[in-house]
1. Cα atoms only, the range 153-235: Rg and Dmax in Å?
2. Output the direction-averaged projected area (hull surface divided by four) of the convex hull of the alpha-carbon atoms of the range 535-595, in nm².
3. List 540, 130 from most exposed to least, where exposure is judged by having the fewest other Cβ atoms within 10 Å.
4. For the residues 467, 99, what sequence is obtained by ranking on other C-beta atoms within 10 Å, fewest first?
5. Between residue 493 and residue 538, with labels modelled 7 Å along Cα→Cβ, what's the label distance in nm to one decimal, could you check?
6. With +1 on each Lys and Arg Cβ and -1 on each Asp and Glu Cβ, and nothing else charged, work out how big the dipole of the range 22-230 is about its Cα centre, in Debye to the nearest 20.
7. Give me the lysines in straight-line cross-link reach of residue 438: C-alpha distance below 16 Å, same-chain residues under 8 apart excluded.
8. Would you mind ranking 56, 72 so that the residue whose beta carbon has the fewest other beta carbons within 10 Å leads the list?
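Read-outs throughout are calculated quantities, based only on the coordinates presented, and are distinct from any laboratory measurement. Fair warning: this is a prediction, and the values are worked out from it, not measured in the lab. Methodologically, a virtual Cβ is constructed for each residue, glycine included, from the backbone with ideal geometry; neighbour enumeration extends over all protein chains shown.
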Amino acid sequence: MKDASEPSNIVSLSQRLDPSSERGGALLNTVRDIASRRLQLLVNGMFEHVDDALFDLAEKAENNAAQMHYFDGMREVRKRRPAVERAFLSTVTRDIADFAAQQRQTASGVPLPIGTVELTLVADNELEESLAITSMIGKNETRLTRDLFAVNQRLSVIYGGTRIEDANNPVAPASLTQAFRQAMRELSAEMRVKLIIYKLFDRYVLASLDELYQEINAELVRAGVLPQLRHEVLRQPGATPGSAGEAVAQAPSGVLPDDGGASAELLQTLRTLFSARRGDLPENLPIGGPLQVPTVNELIGALSVLQSQAATVSSPLPMRGVQSTASVLQEVAHLKEQLLSQIGSLRGERPGQVATMDEDTIDLVGMLFEFILEDRNLPTEMQVMLARLQIPYLKAAILDRRLFAHRQHPARRLLDSLADAAKGWSAESDRDHRLHDKVKSIVDSLLQEFDDDLSIFERLNTELQDFQDQSRRRAELAEQRVAESTRGREKLEQARRRAAREILTRIGDHSLPPLIHGILSRAWANYMVLTILRQGEESSEFRDALRFVNDFIDSTRAARSIEERRTLRQMLPGIERSLRRGLANVAFQENDIERLLAQLHTYYRHQLGESVPAAEVQAAEAAATLPIPESIQPIAESEAALDAIEPAPEPVEDTPELRMVAELKPGTWLEFVTEGETLERAKLSWISPMSGRYLFVNRRGLKVADYSPHELAIELAAGRARVLESTALFDRALDAIVGKLSQPATASTSDTE
């Protein structure tokens, strides 16, 4: 008697079912029912965690605006969750139905190839979403290789013998992720919220697909579809046991915490992009059996030889002619050729290629250093110096493949620190060559000492940080002095303008005698400036100073009547007391004060109608040109103080450069073209709250320039100033690399050999 669990008939690969047949259709319906039931539970469980995840992020948000974005996302998810779930499940059901009806094709009628999802998304300029989706797909296709292979093989039988692969399997990670992305269009939320939901979809749905595939495989086995199928993990084309392509990261213990798969996700994304760019297809590989690709030890050994050679020269071995950098893939191919030749001399025969994973690593490191050589954020001298690190960093990337995914990786932190230090370097600010020599010593240490111990990166980074801290402390003292000096000059200038404005306003249309005008515009203006600086514009002393100006001007009016003369005589004692006290406060010597008052007495006697000798009148007139005592020259230099009226307001036209200036924050670095056409790098140190001017200092804290917002905008528009990037070098490089790889391949970049 036949066991009940034993299938009534067995279908092998040589037997093909018609999906439109009763049995084929029934089996596909079984697959659909299993997928619908399990996916409904999984996506429902995923959404149960969205609220908590967004709430946690809202609590940790850096500001209120970011917090509100997360809270808005929570409300939107609660409202639209049923629509998203329905859209996802209906899309999956429709895809399986289309698959059964042999309709799962592109508009051209060609089945969707691997890689189409990611490249299409990039073409739509949705890079963040693209990378999230591509990472999820690549990671889970790799993780689920065994179970997914069996599902593909059994679906191929049901589908009439047509080859089913991950890309055209309606329940594979790629199809399910795309169905979820389409369903997410029901959600009107910011990209940062959507990316959190994609992460949860990866964690709670895609991570549980092994159970779905196991159930599908079990049901199809019970139905007799390939019950004896065995799965063998297929190696990368050209890989052999022990190749570098299969190497496990050899980072020293304790260097990094577990990354939760972040490294694998990013590397898988980049590998997918590299693969699409190269057009890797089995039929393009050399014929003649597996190639003996280099092992990790062989690669590290060959790189060590090249590194020792590079340590003896002042320019990077694989980057000849850095001043006119060629295309990145040509440079990478040059290093690959050197590696293969060196391995050939070590093993006695030259390998034809390296493993795919190692080739990706070589390409990635090559593009990183191509970016460094093209990065205008770095001075040319520093670009050349840092480019010498290509081989040590290639060794580090092969030893620990997490380098490109971990922001806290010691090698990554060191390169970011070197680039940050180099950003503010200029020959003028480093006349003693301290920074130049420190960067050079670190580069030389890596070239001469780095073997396979990654702790050297941490040690050198600590050494660089200590150097930077010492330099920063010295620079901060100088920078503080510059800012205080600038602040003092601005307060003085503002006080001069206020004093001049007050005096000119009160003089108005009066035609003052030269003596009176000279005292007000020079000696008394100086006293008002000091009063503003010491006591402030709201002080009683300043109000008294203004009252004296009014009285002093009034005292020049003609006193013809008896009453007018009586009034003038009553004013004179107060005028004399105020003038004597004010001039003494601004360091007039006693004899100068007495001489000036004597001239005033002569003037007022004449005003009162008394008989005054002509010689005394002439002497009084001459008093108007007496010099201000040398001790107070720095404050009231000349009668020009009266002309220091508020300058004409600058144009307020809205330009991109003015908006850029308005967004600058202290600490931002800029590059300026000086009068001699040399380049000077300077940091925005201080924005004056009084004048709004921008003060720039070099890395030693010494003043380079100061500009009004309008003047700085003009420099930016003319190309005589340029804002430098504040983002870390590694992050900018990875963005540039993904962008470059996402562009359509050209003849110059499609062939790396």
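1. Values for the range 153-235 (Cα only, Rg and Dmax): 16.1, 49 Å.
2. Details: hull surface 19.8 nm².
Projected over every direction and averaged, the Cα hull of the range 535-595 covers 5.0 nm².
3. Details: 540 8, 130 22.
Least crowded to most crowded, the residues run 540, 130.
4. Values: 467 17, 99 23.
Ascending Cβ contact count within 10 Å gives the list 467, 99.
5. 2.5 nm
6. On the way: 26 positive and 29 negative charges, 117 e Å.
Magnitude of the dipole: close to 560 debye.
7. Qualifying lysines at Cα under 16 Å: 423.
8. Values: 56 12, 72 16.
Sorted ascending by nearby Cβ count, the order is 56, 72.
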